[in-house]
Structure formats: C-alpha cells, structure tokens
C-alpha cells in the first residue's frame with residue numbers, strides 16, 4: 001500500500017510539473033504598445049520559391065527572411081529548383097504544417113489557384129511574387145500579388161538595344177528567353193514583340209535553357225554552338241531576358257572570342273556587376289529591381305495582412321537601368337545605390353508599428 005501511495009504521489013508531481021511547463025510555454029509574449037494585436041507574439045512564415053538557387057533567389061530570400069525576423073517572425077525558406085511538382089508539394093506541406101503566412105514566388109498560372117486556395121480556406125495569409133492566379137477568369141482576392149515592373153524592365157533594356165541601330169536599321173539580336181508559361185518572361189515578351197513590330201530589332205535566334213540545375217552552363221553551350229553560324233559583324237547584341245541566361249551568353253562570347261557582340265540584360269547580382277566591369281567586357285547595361293527589396297516588401301505586405309490592414313490586390317516594384325559606365329571599382333549590390341539613384345530603397349507598406357517591432361526585437 002505504501003508503495004502504491006508513493007507511486008501515486010510521484011505521478012501527481014510529474015503531472016503538475018507538465019502542466020506548469022505547458023502553461024509557461026503557451027503564455028502570451030509581453031504586449032508591445034502601438035503594435036496591432038495580429039502581429040503580437042510573432043508569426044511563423046514559409047517563403048517558397050520555384051526557381052534555382054541563383055544570386056537573385058538568394059537575395060530575395062535574404063530580404064524576406066531579414067525583414068520577417070526584424071518583426072519577430074520565424075521565417076523558413078524553401079527552393080523548388082523550377083520543379084513544379086516539388087513546388088506544389090512544398091506549398092501543400094506548408095499549409096498542413098500550420099504556418100501563419102506564406103510568401104510564394106514563381107507559381108505558374110495552370111496550378112497556382114488550386115495550390116493556394118486551400119491556404120486561404122485555412123485562414124493562412126498569402127503574398128505572392130511573379131505568380132499568376134487565375135482559374136477560369138477567377139482570382140483569389142485575399143492574396144496580394146507582387147511583380148517587378150516587367151514591362152518597364154523590358155522597355156529599359158530594349159531601348160538600350162534600339163539605340164545601337166546604325167542608319168535606322170533594325171538591331172540584330174540573339175534572344176535568350178524561354179516560355180510561354182513563365183509570368184515575368186511572358187510580360188517581358190509583350191514588349192519585345194512591340195519592338196519587333198516597330199522594326200527596331202530583328203531576332204536571329206531564340207535560345208532557352210533545358211537544364212535548370214545549370215542554366216549558365218546550358219546556355220553557354222547552346223550560344224557557343226549558334227555563334228559558329230554568325231561571322232563577326234552579323235550579330236549586334238545578345239539580349240538576356242533573365243540574368244542567369246545572360247551570364248551563360250557572356251561566357252560563350254568570351255570562350256569564342258566574340259566580344260564584337262554587345263550584351264544587354266534584365267536583373268542584376270554581384271556576379272553580373274563583376275562581369276560587366278571586366279576589362280573588355282561588352283556587357284553594357286542591365287535593367288533590374290533590387291531582389292532583396294522584393295523580399296522585404298513582400299514580407300511587409302504579409303505583416304499588414306496579419307495586422308488586419310488593407311493591402312492592394314497587386315503591386316509592381318520600380319525598375320532601374322544600370323549601365324556599365326556607372327559602375328566603380330568597389331560597386332556591389334550593397335552600395336549600388338551610390339551610383340543608381342533610389343536603388344534598394346522603398347518605404348512601400350512600411351508602417352510606424354513596424355519600426356516599433358524592429359526596435360523591440362533589435363534589443364533581444
């Protein structure tokens with residue numbers, strides 16, 4: 001009997017201890033004055049991107065993560081390597097794992113509605129980047145979709161190409177592009193077609209990747225094979241509608257000693273800057289949006305959704321033109337704003353209560 005009583009007493013102690021620990025772990029965090037209740041206590045966010053782990057992706061994820069963590073959020077990041085099946089599975093898993101919010105990048109039109117509707121039905125807040133949500137003409141109004149201003153990106157880069165015209169003749173272009181079905185590239189394509197129709201450019205070749213594990217190497221090999229068809233003076237410029245492809249085109253030009261050809265692109269990274277700055281480089285311009293800023297702005301929009309504040313249906317981030325002759329010996333993605341006015345800075349969707357959160361979590 002004595003043994004039974006001791007055992008029961010020990011069990012009561014364990015249960016009491018467990019109950020105490022549970023209450024402590026679930027206790028609400030101290031309320032921060034001036035901050036909406038919806039973002040009090042932190043949130044759990046998944047950032048899922050359907051592209052390879054290139055420079056642009058790394059900077060985008062870093063921007064989203066750093067901004068979210070400055071608000072006290074727990075931010076997990078995932079990359080699907082342009083594998084649509086893997087991407088949809090990652091999103092489905094995030095919905096099941098109880099994330100409070102999702103930042104989704106590069107979902108395709110044919111599946112994004114069905115992929116994201118369960119998240120909204122479950123009460124999860126969602127912001128997307130370069131993702132088209134459309135099923136039989138129907139979108140999901142609870143989701144804010146963000147984009148780079150792809151039309152402006154294409155216009156800025158193609159204006160630089162058109163300026164290479166001699167005697168009013170169309171500029172002869174090898175075009176690095178793939179699609180349709182990739183939303184940002186599809187939007188850039190509409191401007192490209194306009195320049196073609198206006199006889200400002202003439203397309204000699206269209207080259208796109210098939211190996212998304214090595215886009216640069218894949219494009220380099222394909223451009224090298226094509227360059228053999230075109231003697232010096234027969235190609236004016238290579239247009240890279242995505243800088244990962246542009247880097248492959250640049251490698252092919254170097255490997256084949258074809259620096260008679262100019263290169264103009266869209267997007268930018270530290271690697272791009274270094275290649276543009278190389279001695280003898282003919283990579284003369286690129287149009288871009290700071291990829292880190294995209295992640296930052298998307299996370300601010302998600303925070304506003306948590307707070308119950310109004311957010312727009314769509315938002316386009318401003319495009320900038322960066323020319324080779326603007327770059328200094330120490331220019332990089334961090335200090336590009338010193339040579340490109342307004343680069344990397346935006347107060348879009350930043351609220352005073354976000355500054356309060358940053359100040360609070362900076363102390364910890």
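The values are calculated or read from the model by the stated rules, or taken from the named source; none is laboratory data. None of these values were measured; they are calculated from a predicted model. As a convention, Cβ positions derive from the backbone with ideal geometry for all residues, glycine included, and neighbour counts pool all protein chains shown.
Please determine whether any residue of segment 7-21 is modelled with pLDDT of 50 or more and out of contact with any strand residue (DSSP E or B) (no Cβ under 8 Å at 6 or more places or on another chain).
No.
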Checked against (1) touching a helix residue (DSSP H, G or I) at 6+ places or on another chain (Cβ under 7 Å); (2) closer than 23 Å to residue 102 by Cα, residue 272 satisfies every condition except (2)
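With 97, 74, 125 as the choices, which residue is in contact (Cβ under 8 Å) with a residue 60 or more places away in the chain and either farther than 23 Å from residue 216 by Cα or touching a helix residue (DSSP H, G or I) at 6+ places or on another chain (Cβ under 6 Å) (or both)?
125
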Being outside the structural domain of residue 191 (by TED's automatic domain parsing) and at pLDDT 95 or above narrows 275, 263, 227, 301 down to just 301
Working carefully through the options 179, 240, find the one that is within 28 Å of residue 316 (Cβ to Cβ) and surrounded by fewer than 22 Cβ atoms within 10 Å (Cβ to Cβ).
-> 179
Can you name the condition, by its number, that residue 62 falls short on among (1) in a helix (DSSP H, G or I); (2) in the same structural domain as residue 307 (by TED's automatic domain parsing); (3) modelled with pLDDT under 95; (4) surrounded by fewer than 16 Cβ atoms within 10 Å (Cβ to Cβ)?
-> (3)
